[in-house]
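Enquirer: Encoded as structure tokens, here's the structure I'll be asking about.
The values are calculated or read from the model by the stated rules, or taken from the named source; none is laboratory data. What you are looking at is a predicted structure, and each value in this text was computed from that prediction instead of being measured. So basically every Cβ, Gly included, is an ideal-geometry build from the backbone, and we count neighbours across all protein chains shown.
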Amino acid sequence: VLAHRVVLASPEDGSYFSAALRWAVGSTVVMSQGLSQEALTNLLRLRYGAEDVDVGCILEARHFAELFDWPAVRKRLEARLEQLLADSGAIDGESLLAVVTHAEESASMPAHLKAAALAAAVRHWSKVVQASEGAAAAVGSGSGLSSERKAELGTLSKVRHRDGHVCGSLEEYLHAAADDLSMWEREMAVDAPQTARRQVELAWQHWHQILFEYGHIFGAANAENWREKVRCQRETLRDERLRKRGAAMKLPEGKVWFEASLDWREVPSNGICPGGLEYRCDMQTSRNYARLP
């Protein structure tokens, strides 16, 4: 019995049992509520040096390994969980839902493991949604993820399918994408071909679609403020490009270079347009508009 107590509570760790055995009557320690026999057995086996992990209760075991202050056991469980997430296609929807919910609720889970759980859930989002709906129907309540977070993860899944990127939140993705696109525009040559301009505009169009979904989840006012900020930044970059283009072409005084986008933009009366644009004229105002084809 003494040797067992030493294994449970060593001088380096096991503070839970150290405290419990110090104050408990006799040698009995009452386990925390919610700890199953399967998880306790798994924890004890790992504490005694076993290598194999019972994956059926791995999340529960990880939670209590942290509570018991058994860092070596917790790290062994986390390493096995990371191995499972690396082959997430073999994990059923219910397990993926449980893992991502655990990751969302755990403040102490390592960042790389949270990222792996998020990536697995986003990669197989249809399975997670199906499991979430099944759980809600079975118990008449939610899945552990808020409706806002589920909508956000659904949008992140769309981003992943289009771009291959996995971010922790829509805000993180939008900030990173806006920075990349702004740098792309800033470094683009003034005489860049229209195909390059079209690629930039299509990328910004996708960014605005994701921003729309962000506004639907987190509030339209936040999205509109962000949209206006980006619009002002892009207009500043555009004015600088037009100035440089006009100087490079040595346009006559009073003439300006016109840069088209995917949206109809009014062509100023003194504007010089590149070839290959689409045009239309407003017959009521006699104003001319152009856009990229």
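Enquirer: Return the residues of the stretch 47-59 that are assigned to a helix (DSSP H, G or I) and either under 32 Å from the mean Cα position of the chain (by Cα) or under 22 Å from residue 114 (Cβ atoms) (or both); say none if nothing qualifies.
Expert: Scanning the stretch 47-59 gives 55, 56, 57, 58, 59.
Enquirer: Would a scan of the stretch 223-246 turn up a residue that is outside any loop (DSSP other than H, G, I, E, B), within 26 Å of residue 175 (Cα to Cα) and aromatic (Phe, Trp, Tyr)?
Expert: Yes, that holds for at least one residue.
Enquirer: Can you name the condition, by its number, that residue 259 falls short on among (1) in contact with a Leu (Cβ under 8 Å, 6 or more places away or on another chain); (2) not in a loop (DSSP other than H, G, I, E, B)?
Expert: Every condition holds for residue 259 apart from (2).
Enquirer: Still on this structure: For the stretch 59-69, indicate whether the set of residues that are surrounded by fewer than 19 Cβ atoms within 10 Å (Cβ to Cβ) and without any contact (Cβ under 8 Å) to a residue 24 or more places away in the chain is non-empty.
Expert: There is no residue in the stretch 59-69 that is surrounded by fewer than 19 Cβ atoms within 10 Å (Cβ to Cβ) and without any contact (Cβ under 8 Å) to a residue 24 or more places away in the chain.
Enquirer: So, in the stretch 38-55, of the ones that are small (Gly, Ala, Ser) and surrounded by fewer than 16 Cβ atoms within 10 Å (Cβ to Cβ), which residue ends up nearest to residue 17 (Cα to Cα)?
Expert: The residue in question is 49.
Enquirer: Quick test for you: out of 115, 107, 120, 131, pick the one residue that is modelled with pLDDT of 90 or more and either surrounded by fewer than 20 Cβ atoms within 10 Å (Cβ to Cβ) or touching an Asp or Glu at 6+ places or on another chain (Cβ under 7 Å) (or both).
Expert: 115
Enquirer: I would also like to ask the following. Looking at the stretch 61-81 only, could you name the residues that are touching a Pro at 6+ places or on another chain (Cβ under 9 Å) and closer than 21 Å to residue 131 by Cα?
Expert: Selection gives nothing.
Enquirer: Turning to a different aspect of this structure: Quick one: residue 153 ticks every box in (1) over 24 Å from residue 46 (Cβ atoms); (2) free of Cβ contacts under 8 Å to residues at least 40 places away in the same chain bar one, so which box is it?
Expert: Result: residue 153 passes all but (2).
Enquirer: Hey, another quick one. From the list 160, 74, 80, which residue is out of contact with any helix residue (DSSP H, G or I) (no Cβ under 6 Å at 6 or more places or on another chain) and either under 30 Å from residue 20 (Cα atoms) or among the charged types (D, E, K, R) (or both)?
Expert: None of the others qualify; the one that does is 80.
Enquirer: Cβ-Cβ below 7 Å, separation at least six or inter-chain, first residue in the stretch 257-286 and not assigned by the TED database to the domain that holds residue 191, second in a loop (DSSP other than H, G, I, E, B) and of a type in the set (Lys, Arg): which pairs?
Expert: Pairs found: 270/255; 272/255.
Enquirer: Can I ask one more? Taking the stated definitions as given, is residue 151 small (Gly, Ala, Ser), under 26 Å from residue 272 (Cα atoms), at pLDDT 90 or above and part of a helix (DSSP H, G or I)?
Expert: It is false that residue 151 is small (Gly, Ala, Ser), under 26 Å from residue 272 (Cα atoms), at pLDDT 90 or above and part of a helix (DSSP H, G or I).
Enquirer: Turning to a different aspect of this structure: Filter the stretch 14-46 for residues that are modelled with pLDDT under 80 and either within 34 Å of the chain's Cα centre (by Cα) or of a type outside the set (A, V, I, L, M) (or both) and give the result.
Expert: Across the stretch 14-46, the qualifying residues are 14, 15, 16, 17, 18, 22, 23, 26, 27, 28, 32.
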